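Engineer: Structure provided below as structure tokens; questions to follow.
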Amino acid sequence: MVLFVLLFFFGNTIPPKKATPVAANTPHQEKVIETEKLLTHAKERLTPQQLEKVTSLENSVKRGDVKNQQLQVYKTLSSFWRDTINLFEPYAYYLGQAAKLENSEKSLTFAAHLFLNNLKTEEEHAMQDWLAKNAKDLFEQALKINPANDSSKIGLGACYIFGHISENPMEGIAKIREVVDRNPDNLFGQFILGLGGVRSGQFDKAIERFLIVAEKQPDNLEAALNLAETYDRKGDKINAIKWYNTVKGKVSHPEAQKELDARINALQKN
């Protein structure tokens, strides 16, 4: 349910199509996605003319001002994969590469949050790992520019929670709690901790975090939707129905309303 509604209402700036993950086994038999193989697989979708264009761009960097040439190539490739092919992974990857070269806090955090937004709803473990590692690199580079950026600290912590890039997820939670304990009104941090609570099955703690966000931001559809889904998973039908109705009152898309009605009716019958 959450993924369905988020697809309509939080994916407006993110291409909806995703490449089929290309994963390889590590010595520990854990699947990992190799970027080069992912890009090669994405190119299989291209027409001969499109492939020629991409190949020409990739090989266009000449001697001289190599950095600025490469930066422009990355930006052009990112736009191509977003606007022409409508495929997320190569679009985000090249946007991130451009941000690293540009090395401005604004470009780095924009690209990092793009990866993180997809990471929050990604279900395939190898892709979670790929998204998290890309976001982590970008957040860390941004924090070198501005170590006081709480949003980047929270984003970095979220990479550890959702990305399986550490054997100790508490490492990510600690980074976020450091910010939230100092500033309880940091609603981004509260929301991420709520998502972390859902991931760990601590539904009461997750609800507590989501309620803080919903009370401070009554129009926050994502917080309301997560409250409904978390109450639902907890088995609290009354509150689940209440928050599904709240979400329904905030959306106008017929298919989303149909799905919400179906879930509300199912809860009322059981």
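The values are calculated or read from the model by the stated rules, or taken from the named source; none is laboratory data. Fair warning: this is a prediction, and the values are worked out from it, not measured in the lab. All Cβ positions, even for glycine, are placed from backbone atoms using ideal geometry, and neighbour counts span all protein chains on display.
Engineer: What is the number of the single condition among (1) free of Cβ contacts under 8 Å to residues at least 60 places away in the same chain; (2) crowded, with 16+ Cβ neighbours inside 10 Å that S252 does not meet?
Structural biologist: S252 satisfies all of (1) free of Cβ contacts under 8 Å to residues at least 60 places away in the same chain; (2) crowded, with 16+ Cβ neighbours inside 10 Å except (2).
Engineer: Using the structure shown, decide if Q70 is among the polar types (S, T, N, Q), closer than 22 Å to I154 by Cα and either crowded, with 18+ Cβ neighbours inside 10 Å or more than 22 Å from the chain's Cα centre (by Cα) (or both).
Structural biologist: Spelling it out, it is not the case that Q70 is among the polar types (S, T, N, Q), closer than 22 Å to I154 by Cα and either crowded, with 18+ Cβ neighbours inside 10 Å or more than 22 Å from the chain's Cα centre (by Cα) (or both).
Engineer: Looking at the range 123-134, which of the residues that are surrounded by 16 or more Cβ atoms within 10 Å (Cβ to Cβ) and out of contact with any strand residue (DSSP E or B) (no Cβ under 8 Å at 6 or more places or on another chain) is nearest to R199 (Cα to Cα)?
Structural biologist: Result: Q128.
Engineer: Out of everything in the range 135-151 that is closer than 21 Å to Y91 by Cα and more than 11 Å from the chain's Cα centre (by Cα), what residue ends up being surrounded by the fewest Cβ atoms within 10 Å (Cβ to Cβ)?
Structural biologist: E140
Engineer: Which one of these does S151 not meet: (1) modelled with pLDDT of 95 or more; (2) in a loop (DSSP other than H, G, I, E, B)?
Structural biologist: (2)
Engineer: Which of (1) at pLDDT 95 or above; (2) in contact with a helix residue (DSSP H, G or I) (Cβ under 8 Å, 6 or more places away or on another chain) does K106 not meet, given it meets every other one?
Structural biologist: So K106 meets the others, but not (2).
Engineer: Check every one of the helices (runs of 4 or more DSSP H) wholly within the range 162-270 and list those with 1 or more residues that are under 29 Å from W130 (Cβ atoms) and outside the structural domain of I33 (by TED's automatic domain parsing).
Structural biologist: By residue number, 170-182, 187-199, 203-216, 221-234, 254-269.
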